[in-house]
1. Consider residue 121 against the criteria (1) within 30 Å of residue 519 (Cβ to Cβ); (2) surrounded by fewer than 18 Cβ atoms within 10 Å (Cβ to Cβ): it satisfies all of them except one. Which criterion is unmet?
2. Just give me the residues in the stretch 131-149 being open to solvent by 100 Å² or more (accessible area, probe 1.4 Å) and closer than 10 Å to residue 1 by Cα, in sequence order.
3. Output the number of residues of the stretch 267-289 satisfying the condition of being under 30 Å from residue 480 (Cα atoms) and in a helix (DSSP H, G or I).
4. Considering only the stretch 410-455, state which residues are among the β-branched types (Val, Ile, Thr) and more than 30 Å from residue 267 (Cβ to Cβ).
5. Residue 311 is checked against (1) buried (at least 19 other Cβ atoms within 10 Å of the Cβ); (2) touching a Gly at 6+ places or on another chain (Cβ under 9 Å) and fails just one. What number does that condition carry?
6. Criterion first (in the same structural domain as residue 514 (by the TED database), within 15 Å of residue 542 (Cβ to Cβ), exposed (fewer than 12 other Cβ atoms within 10 Å of the Cβ) and at pLDDT 85 or above) does residue 613 satisfy it?
7. Suppose the filter is basic (Lys, Arg) and touching a Lys or Arg at 6+ places or on another chain (Cβ under 8 Å); does residue 261 pass it?
8. Based on what the data block shows, is residue 602 within 32 Å of the chain's Cα centre (by Cα) and either open to solvent by 70 Å² or more (accessible area, probe 1.4 Å) or touching a residue at least 40 places away in the same chain (Cβ under 8 Å) (or both)?
Amino acid sequence: AYERRFPTCPLIPMFVASDTVNEYKSEDEAIHVIERRCKLDIDAPRLLKKIAGVDYVYFVQKNSLNRRERTLHIEAYNETFSNRVIINEHCCYTVHPDNEDWTCFEQSASLDIKSFFGFESTVEKIAMKQYTSNIKKGKEIIEYYLKQLEEEGITFVPRWTPPVACKLESSTSHPRRPVSPAINIPDSATKEGLNNKEILNTSSSPSEPTAGTPDDKLDADYIKRYLGDLTPMQESCLIRLRQWLQETHKGKIPKDEHILRFLRARDFNIDKAREILCQSLTWRKQHQVDYILDTWNPPQVLQDYYAGGWHHHDKDGRPLYVLRLGQMDTKGLVRALGEEALLRYVLSINEEGLRRCEENTKVFGRPISSWTCLVDLEGLNMRHLWRPGVKALLRIIEVVEANYPETLGRLLILRAPRVFPVLWTLVSPFIDDNTRKKFLIYAGNDYQGPGGLLDYIDKEIIPDFLGGECMCEVPEGGLVPKSLYRTAEELENEDIKLWTETIYQSASVFKGAPHEVLIQIVDASSVITWDFDVCKGDIVFNIFHSKRAPQPPKKDSLGAHSITSPGGNNVQLIDKVWQLGRDYSMVESPLICKEGESVQGSHVTRWPGFYILQWKFHSMPACATTNLPRVDDVLASLQVSSHKCKVMYYTEVIGSEDFRGSMTSLESSHSGFSQLSAATTSSSQSHSSSMISR
């Protein structure tokens, strides 16, 4: 009945068409896997479709029928906008364990909107609306096709039985069960249609241990020495998962300690642990993470200004990492290095942590699989709540959580200032619940009292900056010189890409050729936020509004100048024939920004339509009382070669209901990260004009 909805279903108007991409059938016809590419016409506003540039969205659906187990697993995920929105759905039809005449149906789905042209809230509502309506219709559709089958005289499907040839072979062959030939089962089949036991049985007899695989039981001394206390069930899970890896994984097999981390992260659910472990192994291979300590040397900027480093061990023998976050210039590091280098450095720290855990296991004679992190927040202020920096932090947390589970034994947060709850509200939703339980937070000098630092770290190794006697060689951090800042284009030349997108864009501004960015607003009272640095020259920053869309942006030839712009693009949107006050209007007073300045601000939109952010070359005015230029003007003009300025900028649109106050809008309930909405319960809509801050 379910298969009757393909290739298209009139009962589901949004389901336009589908094509079979892959199909697999086992020799005994017990397993049948079909992968289809489905075309959907989502019920979304025409304007949103126009902005997104698509009329239809495509999903990939895998249906795995296992006649032996009498199950049908259905898995679907989006192909369109998969780098911005992640949708996963899983459905399962099974036979009821107590009554074989009953069919059970389970359905689960997840939605993660990372970014969607500033319309994250709208997309979330549309997705929930579509999903809810489909759930309500699901039973109605399956009953429709069941009735159709009954009308055709099909009321019973005989249960699957092994082919006759297999039965004859098993009855006439040697009493000992032969090893069946290996069959090529695609990932979708192993993931959806077969359980772990069935996968193992395709390659060898269950009564015989496969060569090179572990015995049914691990050595007790080995467990005590390297793994820690394991129940028989946990030990069995470890053996089964390791054996599965040895039989199916072509690359390097991780050590038992590492496999155990993924099992613990998923409460020893083998299927879930196997899924995240395989994803992590693929990620490690793709980005050569196994060789990062040997092949990558951190830039000097990191060695000088990243205020973190390893410092002895805690009372439990765990390696101790000290991070003086309050002394660190996160904005300067992101601007000077880019997110790629910063993430790579964090990965090298984690790889070094794994290595130190192995060393300490040998030194202390007991299993040590995690480390302790001490974070000093002395000096933390609103400067650290710079939105792009927080975004980079959240993305780093995502990567670390996915690939280094159960490596953090304890996190000690010391001298937390008043601004810390804001940062915690932003970050905590992205941290796993098990990890969050390991956090200990101390305000002021509370860490010096009972239940404080001395309970976890020996007095002899408490760092000097915390009142201890041990000299700590962790760099003191400090502000990164702006002379070390790099443009987005320069940062794109990294050898290994761990992320596919960058936060910042760079632009060149010439005399007579401003750089302009178009932002389309659908809902009035949306909030446009920006953050930019003037890297070279002086500019004037303007915001305009127009009811009609400008012509599609095109690279400016710079007219008579004929100057190319290798260090950043230059786009002009406002047509030469447009008149200010007739075709478009100025919604903010012009802001003159000097070379070297950093500017953050926000503007609450009053009308829907098209908003244009403009960075314009600033010409120095002559002295009012004389035609002669001032000395300062001459010196300034000499610094601006070829009448060229350079800016690095970042913009974002936030719904007014999600905007919470500060001029950098750092407390918005979501900003490309929809999960944050759960952590924010109120919003402020009192801002009727923009706020600009240097």
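1. (2)
2. Within the stretch 131-149, the subset open to solvent by 100 Å² or more (accessible area, probe 1.4 Å) is 136, 139-140, 144, 147.
Those that are open to solvent by 100 Å² or more (accessible area, probe 1.4 Å) and closer than 10 Å to residue 1 by Cα: 144, 147.
3. Of the residues in the stretch 267-289, 1 are under 30 Å from residue 480 (Cα atoms) and in a helix (DSSP H, G or I).
4. Result: 419, 422.
5. So the condition that residue 311 fails would be (2).
6. no
7. On the way: basic (Lys, Arg): yes; touching a Lys or Arg at 6+ places or on another chain (Cβ under 8 Å): no.
So residue 261 does not fit the description; no.
8. Values: within 32 Å of the chain's Cα centre (by Cα): yes; either open to solvent by 70 Å² or more (accessible area, probe 1.4 Å) or touching a residue at least 40 places away in the same chain (Cβ under 8 Å) (or both): yes.
Taking the combined requirement at face value, the residue satisfies it.
The values are calculated or read from the model by the stated rules, or taken from the named source; none is laboratory data. Everything quoted here is computed from the prediction, not taken from an experiment. As a convention, Cβ positions derive from the backbone with ideal geometry for all residues, glycine included, and neighbour counts pool all protein chains shown. Accessible surface is based on the protein model in full, side chains and every heavy atom, while ligands, DNA and RNA are left aside. Shrake-Rupley method; radii C 1.70, N 1.55, O 1.52, S 1.80 Å.
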